[in-house]
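Q: Just dropping this structure here.
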């Protein structure tokens, strides 16, 4: 590890001190290091005024209620089909996905990590299952996205815990 000394404004220092005292962060150093990790992961060096980018694509930041309004005007089938098409395009345009075989479940964490970084929610994988937590996207969108991205048909397993959805890939149902 290397040490870097920086100067920050009084306002930022007071903010970090507040976060530290409130135990939202362990230390100012950790918060600044984490902020730089996000700067790197989000490709913020490529961000221009009014244009945000990530992984070769443009990122649009919008309130979840606006997104819900958009989905409200579509049927579940239309949402599913749009998500599946988005996944196909994402596989083609994301440079990190080129040459990766997503029909191999071992490669799914590459996609799931990207979704977490983009703020979709928390994703975890166990064998051929994907657990989704705290996601504001509708179930048909998630199902369509997973099917388009991973090449399997997915079935949603009902969860009694709020804000948790589990999707199970059906064996032998891979398709191009």
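No value in this document is a laboratory result; all are computed from the given coordinates. Since the structure is predicted, the reported quantities are computational estimates derived from the model, not experimental observations. Counting neighbours? That spans all protein chains shown, and the Cβs are built from the backbone with ideal geometry, glycine included.
Q: How do 52, 145 rank when sorted from fewest to most other Cβ atoms within 10 Å of their own Cβ? Please report the intermediate quantities before stating the final value.
A: On the way: 52 16, 145 25.
Going from least to most buried by this count: 52, 145.
Q: With springs connecting C-alpha atoms under 10 Å apart, model the chain as a Gaussian network and identify which of 108, 47, 120 has the largest mean-square fluctuation.
A: 47
Q: Against the longest alpha carbon principal axis of the chain, how many degrees, from 0 to 90 and to the nearest 10, is the axis of helix 108-117 turned?
A: Once rounded, one gets 50 degrees.
Q: Quick check: the angle from helix 10-21's long axis to the longest principal axis of the chain, C-alpha only, nearest 10 degrees?
A: Helix 10-21 sits roughly 70 degrees off the main axis of the chain.
Q: Compute the angle between helix 28-41 and the longest alpha-carbon principal axis of the chain, please, reported from 0 to 90 degrees and rounded to the nearest 10.
A: 40 degrees
Q: Mind checking which of 95, 158, 49 has the largest fluctuation in a GNM of the chain, springs on alpha carbons under 10 Å?
A: Its mean-square fluctuation being the largest, the pick is 49.
Q: For the chain, what does the alpha-carbon gyration tensor say about shape, rounded, prolate or oblate, given a ≥ b ≥ c as the root eigenvalues, a/c under 1.5 as rounded, and a/b over b/c as prolate? Display every interim value, and only then the final one.
A: Details: a/c = 1.90, a/b = 1.81, b/c = 1.06.
In terms of gyration-tensor shape, prolate.
Q: So, one more: Using a ≥ b ≥ c from the Cα gyration tensor of region 55-99 (square roots of the eigenvalues), is it rounded, prolate or oblate, where a/c under 1.5 gives rounded and otherwise the larger of a/b and b/c decides, a/b for prolate?
A: oblate
Q: Given the -39500 (n - 2.57) contribution per DSSP H run of 4+ residues, what per-residue ellipticity at 222 nm results for the chain, rounded to the nearest 500 deg cm²/dmol?
A: Result for the chain: -13500 deg cm²/dmol, rounded to the nearest 500.
Q: With the chain treated as a Gaussian network of Cα nodes joined by springs under 10 Å, which of 101, 69, 81 yields the largest mean-square fluctuation?
A: Largest GNM mean-square fluctuation: 69.
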